[in-house]
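Okay, structure first, notes after.
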Amino acid sequence: MFHKLVNHNADIKRLVEKGYAVAFDGLPYLVVRDIPYLDNARALKWGAIVSKFVDKGKDVIEQEDHQIFFAGSHPHGLDGNPIPNLGGGGVGLALSDSTKDVVVQRSFSNKPKVTGKFGDFFEKIESYVTIISGPAIELHKVNPLTFRTMETAPSDSPFKLRDTLTSRAEIGDLSANFKNDVVAIIGLGGTGAYILDFMVKTPVREIRGFDKDHYFVHNAFRSPGKLDESEIGKTKAEIYHARYENFRTGLKIVEKFVDATCAEDFQGVTFAFVCVDKGSSRAGIFDLLMKLEIPFIDVGMGLNRKHGPLDGMLRVTYYSPERAGELREKGLSPLTDDPNDEYRTTIQISELNALNACLAVMRFKQIRGFYFEELSQHHLLFGVGDLKVAGDAETNQD
């Protein structure tokens, strides 16, 4: 990545050729090490500048704004006072393992007076180095131009595009919670297809999808993405793999129905979503996952026309290995077939499928520590009529 970005960006190339210790974090940050500065006793210290970049595609990057992050304490001048006009303040920033030696402690904000915006990265780094390093260069005769470059280690990101969303939001430490997950999605119907879409964009190590059915017109009305008429009649496994293989690695969609005999397919799986609409199929899947002690979330939908307009519930139930047997005995998920289930026979409602998937994926991300969790809910119900979510945390009591 280093040489590609240098060769495709003239401003970065100028920084390297001048001698700055340029590197790139696994996340989209430009890192410049070997930045000298003075502390409050005028002693020489060394820090690093970190700056977000925007990926414009084809290895072309641009600065996001005029601000930087700094690894080090606040720089001081020759008079021993903090250097003025460096707005910002104390802040932490989680970088990837490739730059773990750079510990961000604060941010700085100093706009060019005339234009209010730096022309490029070269102008930006030069400006901040002049402000931060000037006193240290004068007093200690040091030089930030060390000509030290560090090739970033190959990224362990599953994405084929750089994940600029994570860096912009500064949540790299939270996204790292998923890096060892192998997630199975059993059933790629309405809700399962949306879960697949959400998980493709989540930095889990691997996704395994399972569905033997073919893709027909009614599937297009309750699944994400555009419809290509050539897809009609093909297997869901073939279609969804083709849709997402250009987005990420670690994607495996299998043309298969899952039952209690499929243990080999689930070796290494760390979490599963069960998205089937037949209770009898669900029972065999539960047997498999519970035997393998794989935590899983089961989703479901129950609709009726008792009052004319459709009413009913969406369900998300989390089965941890410790309480799976207990929750199964409660009958929270139907394990037999209901011949009067209108959803299975006639109704195709994409917004409810998407919402059911949202609740399931959000619950998974709570379990992994990405989202805050006030109560550990094992059972969530969303009422279509009143648009309210009710949760059951009673089974989480020790």
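At-a-glance table
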item: Leading residue by the ranking (nearest to residue 349 (Cα to Cα)) among those in region 296-321 that are surrounded by 20 or more Cβ atoms within 10 Å (Cβ to Cβ), of a type outside the set (Val, Ile, Thr) and touching a Lys or Arg at 6+ places or on another chain (Cβ under 8 Å); result: 301
item: Listing of strands (runs of 3 or more DSSP E) fully contained in region 47-152 that carry 1 or more residues being within 32 Å of the chain's Cα centre (by Cα) and of a type in the set (D, E, K, R); result: 60-63, 106-109
item: Residue pairs meeting the criteria (Cβ under 7 Å; at least 6 apart or on separate chains; first within 18 Å of residue 134 (Cβ to Cβ), in region 65-94; second surrounded by fewer than 18 Cβ atoms within 10 Å (Cβ to Cβ) and acidic (Asp, Glu)); result: 73/39; 76/39; 78/138
item: Unique residue being in contact with a Phe, Trp or Tyr (Cβ under 7 Å, 6 or more places away or on another chain) and either assigned to a loop (DSSP other than H, G, I, E, B) or modelled with pLDDT under 90 (or both) when the list is 174, 165, 227; result: 174
item: Which listed residue is modelled with pLDDT under 95, crowded, with 22+ Cβ neighbours inside 10 Å and in the same structural domain as residue 147 (by TED's automatic domain parsing), from 11, 59, 25; result: 25
item: Candidates 249, 317, 270, 336, filtered to the one that is of a type outside the set (Lys, Arg) and free of Cβ contacts under 8 Å to residues at least 60 places away in the same chain; result: 336
item: Answer residue from region 248-283, given it is within 20 Å of residue 334 (Cα to Cα) and among the polar types (S, T, N, Q) and is surrounded by the fewest Cβ atoms within 10 Å (Cβ to Cβ) among those; result: 280
item: Pair list, Cβ < 8 Å and 6+ apart or interchain, from region 155-179 residues that are within 15 Å of residue 30 (Cβ to Cβ) to residues that are at pLDDT 75 or above and aromatic (Phe, Trp, Tyr); result: 167/29
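The values are calculated or read from the model by the stated rules, or taken from the named source; none is laboratory data. Treat the numbers as computed from the prediction; the structure is a model and nothing was measured. Reconstructed Cβ throughout: ideal geometry from the backbone, glycine too, with neighbour counts over all protein chains shown.
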